[in-house]
Amino acid sequence: MLALFFISLAVLLFLSVPIASSLSLATIVGVWFHDTLPLEIIPQRIFIAMNSFPLMAIPFFILAGNLMTAGGLSQRLVNFASALVGHRTGGLAMVAIITSMFFAAISGSGAATTAAIGSILIPAMVARGYHIEYAASNQAISGALGVIIPPSIPMILYGVAAEVSIGDMFLAGILPGLLITVSLLISAYIISKRRGYHGVERQSIRDVGKAFKEAILALLMPVIVLGGIYTGIFTPTEASVIAVVYSFVIGFLVYREISVQKLVETLRDSAIASSVIMIVIGAAGLFGFFINITGVPDMVYGFISELVTNKYVFLIMMNVLLLLAGMFLDGGAAILIFVPLLLSTAVNLGIDPVHFGTIMVVNLAIGLVTPPVGIDLFVVSQLSKLSIGRVAKAAVPLIILLFVDVLIISFVPELSTWIPSLVKD
């Protein structure tokens, strides 16, 4: 029965059947040949997987990010970051990184961050003499911050799947996100110094103040959302609703850049994106239920424990596995598939669930910029009119840098657990 289940799953994935359909169809095969499970369990488990209050945060954060883009807040973030560092060597590359970090604290999505910031900065970088391959690859890598800096949609998925506090996961992403941001800024400076990418004209203190004043409402949003979560004023799910209301009020009433037509388009796009994620969640919930009830996680632990008794060796194995998985699977789907398989083994080896979740999310963030299915590559390919192969080739040095960051995060657990522990104390 298990053999048929895994063979069906492998064949469906090999045939490029959508991940939700692959998981559902393979699980139906497994349930069909199971001795005691009725077929009625399939719709029940799909519904149970989606019937989760914390998961309501996902469509609201998606909508909030789209409203921020439609309302012109992304452009104001770009202007502020440019006023701060645009005059330095590699200034516009740094602006892309810093603005992506700001926008990541709004959208929770790598693709949304890449699209919102890349549509502005890739043409600007090319106009300033940056090679288009570097401009595109730098933006793709920077967009990966969208799933690491809180609030993060993959962290919400991990928190639900692993039954870990979503607030703790958000806190755990702060230091790893800053580590990756700093490493990208250093790489941007070094590359730009070697290639002669000069900054724009230095702006006066008055201009910086003006840019800050225009961007202050956008900068306040993550402060309100995350501050409310960490002070216990509202839950992550409630925070997502606050984010939607705030972004709508600012874009529609204050900046007046959201027209009725824009609003309808934003609602439609957000609904489509949310529906895709929820379908995957339902299918992955069914998959997770089936492998748990058939004892697959115990088999995995038994197999791994015979080969590996050291948690650091296990972490190296998991990093390689997750990096490979990220190349072929959507990050959210990979989390929902691998958490039931690997979390119990990680906990038994003494790895904190919050730390393990951070490692998983950061690894899968790299999957956003690795072919064949790196979504950030597709986004910047459309924006820059380059082939995915050219963008991926230019991104190789930055991907290696991200992998080094992953190893640091893996072997220094305090980067993920220190801030959550402070809040608990």
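The values are calculated or read from the model by the stated rules, or taken from the named source; none is laboratory data. The shown structure was predicted, so the numbers you read here are calculated from the model rather than taken from an experiment. Glycine gets a Cβ as well: all are built from the backbone with ideal geometry, and neighbour counts include every protein chain shown. Side chains are part of the model used for accessible areas, which takes the heavy atoms of the whole protein and leaves out ligands, DNA and RNA. Shrake-Rupley method; radii C 1.70, N 1.55, O 1.52, S 1.80 Å.
I need the full set of residues from the range 178-227 which are among the hydroxyl-bearing types (Ser, Thr, Tyr) and in contact with a Gly (Cβ under 6 Å, 6 or more places away or on another chain), in order please.
Within the range 178-227, the subset among the hydroxyl-bearing types (Ser, Thr, Tyr) is 181, 183, 187, 189, 192, 197, 204.
Listed by number, the residues that qualify are TYR189, SER192, TYR197.
Yes or no: ASP352 under 24 Å from ALA283 (Cα atoms) and of a type in the set (Asp, Glu)? Before the answer, list the steps.
Details: under 24 Å from ALA283 (Cα atoms): no; of a type in the set (Asp, Glu): yes.
Spelling it out, it is not the case that ASP352 is under 24 Å from ALA283 (Cα atoms) and of a type in the set (Asp, Glu).
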> open to solvent by 20 Å² or more (accessible area, probe 1.4 Å), of a type in the set (A, V, I, L, M) and within 22 Å of TYR230 (Cβ to Cβ), is that true of MET101?
Replying inline: yes
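Condition first: assigned to a helix (DSSP H, G or I) and either open to solvent by 10 Å² or more (accessible area, probe 1.4 Å) or on the phi > 0 side of the Ramachandran plot (or both). Now tell me which residues in the range 60-77 satisfy that. Can you show your working first?
At the first step, the residues of the range 60-77 found to be assigned to a helix (DSSP H, G or I) are 60-70, 73-77.
Listed by number, the residues that qualify are PHE60, ILE62, LEU63, ASN66, THR69, ALA70, GLN75, ARG76.
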> Out of the residues in the range 314-340 that are part of a helix (DSSP H, G or I), of a type in the set (A, V, I, L, M) and more than 25 Å from GLY167 (Cβ to Cβ), which is least open to solvent (accessible area, probe 1.4 Å)?
Replying inline: ALA325
>> If I ask for residues that are of a type in the set (D, E, K, R) and closer than 21 Å to ILE106 by Cβ, which ones from the range 38-94 would you list?
In response: ARG76
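From LEU145, LEU178, grab the single residue that is among the aliphatic types (A, V, I, L, M), farther than 11 Å from ALA93 by Cα and open to solvent by 10 Å² or more (accessible area, probe 1.4 Å).
Working: LEU145 fails: open to solvent by 10 Å² or more (accessible area, probe 1.4 Å).
Selected residue: LEU178, the only one of LEU145, LEU178 that is among the aliphatic types (A, V, I, L, M), farther than 11 Å from ALA93 by Cα and open to solvent by 10 Å² or more (accessible area, probe 1.4 Å).
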> Counting only residues that are in contact (Cβ under 8 Å) with a residue 24 or more places away in the chain and assigned to a helix (DSSP H, G or I), how many does the range 23-36 have?
Replying inline: 7
>> With the requirement that a residue be outside any loop (DSSP other than H, G, I, E, B), of a type in the set (Val, Ile, Thr) and surrounded by fewer than 24 Cβ atoms within 10 Å (Cβ to Cβ), what does the range 78-94 give you?
In response: VAL85
> Which one of these does LEU343 not meet: (1) under 21 Å from LEU175 (Cβ atoms); (2) assigned to a helix (DSSP H, G or I); (3) not charged (D, E, K, R)?
Replying inline: (1)
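Within the range 20-41, restricting attention to residues that are of a type in the set (S, T, N, Q) and open to solvent by less than 20 Å² (accessible area, probe 1.4 Å), which residue is nearest to ILE216 (Cα to Cα)? Even if it seems obvious, please write down each step before you answer.
Quick first cut of the range 20-41, residues of a type in the set (S, T, N, Q) only: 21-22, 24, 27, 36.
Within this subset, residues satisfying the condition of being open to solvent by less than 20 Å² (accessible area, probe 1.4 Å) are 22, 27.
Working: SER22: 45, THR27: 49 Å.
It comes out as SER22.
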>> For the range 206-219: of the residues being at pLDDT 85 or above and surrounded by fewer than 16 Cβ atoms within 10 Å (Cβ to Cβ), which is farthest from ALA239 (Cα to Cα)?
In response: ARG206
> Which condition breaks for GLU163 when tested against (1) in contact (Cβ under 8 Å) with a residue 40 or more places away in the chain; (2) in contact with a Pro (Cβ under 9 Å, 6 or more places away or on another chain)?
Replying inline: (1)
> How about the range 108-142: which of its residues are in a helix (DSSP H, G or I), modelled with pLDDT under 85 and closer than 27 Å to MET278 by Cβ?
Replying inline: GLY110, ALA111, ALA112, THR113, THR114, ALA115, ALA116, ILE117, GLY118, SER119
> Taking into account only those residues within the range 234-272 that are among the acidic types (Asp, Glu) and in a helix (DSSP H, G or I), which is nearest to the chain's Cα centre (by Cα)?
Replying inline: ASP269
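With respect to LYS393, determine if the residue is basic (Lys, Arg), in contact (Cβ under 8 Å) with a residue 24 or more places away in the chain and farther than 21 Å from LEU13 by Cα. Explain how you work it out, then say what you get.
On the way: basic (Lys, Arg): yes; in contact (Cβ under 8 Å) with a residue 24 or more places away in the chain: yes; farther than 21 Å from LEU13 by Cα: yes.
Considered against the rule, which asks whether it is basic (Lys, Arg), in contact (Cβ under 8 Å) with a residue 24 or more places away in the chain and farther than 21 Å from LEU13 by Cα, LYS393 comes out as yes.
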>> Of all residues being open to solvent by 30 Å² or more (accessible area, probe 1.4 Å) and of a type in the set (A, V, I, L, M) in the range 42-59, which is farthest from THR235 (Cα to Cα)? Just the residue, please.
In response: ILE46
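Among the helices (runs of 4 or more DSSP H) lying completely within the range 152-233, list those that include at least 2 residues that are within 16 Å of the chain's Cα centre (by Cα) and not polar (S, T, N, Q). Explain how you work it out, then say what you get.
Numbers: elements: 153-162, 166-172, 174-195, 205-230.
Fully inside the range 152-233 and qualifying: 153-162, 166-172, 174-195.
Report yes if GLY367 is among the small types (Gly, Ala, Ser), modelled with pLDDT under 90 and touching a Lys or Arg at 6+ places or on another chain (Cβ under 8 Å), otherwise no.
Numbers: among the small types (Gly, Ala, Ser): yes; modelled with pLDDT under 90: yes; touching a Lys or Arg at 6+ places or on another chain (Cβ under 8 Å): no.
So GLY367 does not fit the description; no.
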> Are there any pairs with C-beta distances below 7 angstrom linking a residue in the range 37-49 that is within 14 Å of ALA283 (Cβ to Cβ) and assigned to a helix (DSSP H, G or I) to a residue that is open to solvent by 50 Å² or more (accessible area, probe 1.4 Å) and not charged (D, E, K, R), with the two at least 6 apart or on different chains, and if so which?
Replying inline: ILE42/ILE28
> Restricting to the range 1-19, what's the tally of residues that are over 18 Å from VAL296 (Cα atoms), part of a helix (DSSP H, G or I) and open to solvent by less than 50 Å² (accessible area, probe 1.4 Å)?
Replying inline: 2
